[in-house]
Amino acid sequence: MTVHARIGEITERIAKRSHDDRSRYLDRLTVLSEKGPRRSRLACGNLAHGFAACGTSDKEALKGDVAANLGIITAYNDMLSAHQPYETYPEIIRAAAREVGAVAQVAGGVPAMCDGVTQGQTGMELSLFSRDVIAMSAAVGLSHDMFDAAVYLGICDKIVPGLVIAALSFGHLPAVFVPGGPMTTGLPNDEKARIRQLYAEGKVGRKELLESESASYHGPGTCTFYGTANSNQMLMEIMGLHLPGATFVNPNTPLRDALTKEAAKRALAISASGNEYTPVGRVIDEKAIVNGVIGLHATGGSTNHTMHLVAMAKAAGIRLTWDDFSDLSDVTPLVARVYPNGMADVNHFQAAGGMGYLIRTLLDEKLLHNDVKTVWGTPLEGYTVEPKLTDEGAVEWKPAAATSADEKVLRPASNPFQATGGLKVLKGNLGKSVIKTSAVKPERQVVEAPAVVFHSQDDMLAAFKRGELERDFVAVVRFQGPKANGMPELHKLTPSLGVLQDRGFKVALVTDGRMSGASGKIPAAIHVSPEACDGGPIGKVRNGDLIRLDAVAGTLEVLVDATEWAARTPVTEDLSANEWGIGRDLFASFRRVVGRAEDGASVF
């Protein structure tokens, strides 16, 4: 099965660009792989510490150095809906391991914060940095060197990318990612958005808003809109790190638990002590990364992955750029409409055919690399299935439907919603940025209007409440990049900008910060790089400058005379207020060394 010629060309150029880094990575992986499981070389005192708390049978198994030991890295906490279901997973995994004569231990926990809780709050300034903290925390857990393979329990925004980075730093170990699944459908997302806008206009109160939000976010599991959390899960499956069809099965169901059990057994089967050794560092290669980018474009996924995928690829010695994103977008059709790109939620996507159908239709049009390694042991076409429970409670995989059950939600790649992908890279004299086009109506993808400059989202919201923004304008919200304040999401601006757009004004957002993975109907050029704090040209913009955002042409320009523009000096800002409170003082070193958004916004 061949791949689309242009996709093949882009993959090849990524491989050439990455050759030296990838070769060094694979050489290190080979050295560690050849040494085999390290447990046998631990001193007796080290080993005794490692299994001291085990039960008798597990202790005896580990003493004999024959049984495989499965490490569990968990992002469990019981405050966050997406991670609460993981509470019961370790015991399910331990029981599954014992069934095949192996042992499983929780190797370590990692933090899991929720952007939904911190949205618009000070804590959001730790959000992006938590990804790299998670990677380091997982590495600490695995550093005991007691394990033959690992399973990773994480689902939301920064957690999965951080876990992938950690898994790839231990690339000689097989790794299976185990999802928790989405919560059941609650209040429709469009109704939730309507109430938010009414609240922004002062037409409903906090009581009505809270009732709406509680009816939307109402139980265990991920939020049902297609933001970063659910984009993460799509990526893990299309990149071959989930079991087939595991992604969007609801929590606390017999199928969900059965899939968790199978994931544990599969991780052990592909360990070096089995016959199908599959280290994760060889699963994630250039083709798998390209498949991930295509999946993101085809589904209109989260803008956050223009940073996360770059950082994840780098951990495997692969150099992915925003130009690669842009060029792959040009040949990838949009085949899914899930809120905010449509009215459906991920449960509707699953019912329409889910990941099995998505992968099938993209493979049919030669838009994915089929010849990849997966944890399932098959080429990617092995994922064109869906899991079912037998009468005995076992999992069996059946071929995915050949047609979509609802083409308003999920279409064949031969008849897409639009011919190009859901994300676009913009370039111009303001630097580089990204925009999510799949949720923006075509007539709103080009905005030319005067700039109104703000140095915080609170300042913009205050101007809105004072009635100062009743006109066409481009909001320039700067000093929101990783060096400035950790690059918080600015989704809090969406309702107010939505109100103004609905009133007939041409509005857009330009920022060196982030928007939510649920970036919606407002044209928003985000992740502007270099950021203002790094001397980027966004720091030169003045109130009244004419800005043209053209998502069709892929440009972002300030329409100022070139000589005048070149003579301007970027403004500076006193950022001392960002340096303390709610843990921000602990991340000062991160802000100093963090890279640019287009390079993954990483401290590594």
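The values are calculated or read from the model by the stated rules, or taken from the named source; none is laboratory data. Predicted, not measured: the structure shown is a model, and the values here were computed from it. Here the Cβ is made from the backbone with ideal geometry for all residues, glycine too, and neighbour counts use every protein chain on show.
Here are the numbers for this structure:
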| item | result |
| --- | --- |
| Considering residues of the range 519-543 that are of a type in the set (Gly, Ala, Ser) and in a loop (DSSP other than H, G, I, E, B) only, the residue surrounded by the most Cβ atoms within 10 Å (Cβ to Cβ) | SER519 |
| The range 544-553: number of residues that are of a type outside the set (Val, Ile, Thr) and either crowded, with 16+ Cβ neighbours inside 10 Å or closer than 13 Å to ASP512 by Cβ (or both) | 5 |
| Pairs where the first residue, in the range 279-302, is modelled with pLDDT of 95 or more and the second is among the charged types (D, E, K, R) and surrounded by fewer than 24 Cβ atoms within 10 Å (Cβ to Cβ), C-beta under 6 Å, 6+ apart | ARG282/LYS373; VAL283/LYS373 |
| Near pairs, Cβ below 9 angstrom, 6+ apart or cross-chain, from the range 47-59 (in contact (Cβ under 8 Å) with a residue 12 or more places away in the chain) to any residue that is of a type in the set (Lys, Arg) and assigned to a helix (DSSP H, G or I) | LEU47/ARG39; LEU47/LYS63; GLY50/ARG39; PHE51/LYS59; PHE51/LYS63; SER57/ARG98; ASP58/ARG94; ASP58/ARG98 |
| Test: residue in the range 50-73 that is under 20 Å from the mean Cα position of the chain (by Cα) and outside the structural domain of MET460 (by TED's automatic domain parsing) | yes |
| Enumeration of residues in the range 110-144 that are more than 22 Å from ASN485 (Cα to Cα), in contact (Cβ under 8 Å) with a residue 40 or more places away in the chain and either outside the structural domain of ASN69 (by TED's automatic domain parsing) or not in a helix (DSSP H, G or I) (or both) | VAL110, HIS144 |
| Selected residue (only one of THR374, THR361, THR384 is polar (S, T, N, Q), buried (at least 20 other Cβ atoms within 10 Å of the Cβ) and closer than 28 Å to PRO188 by Cα) | THR361 |
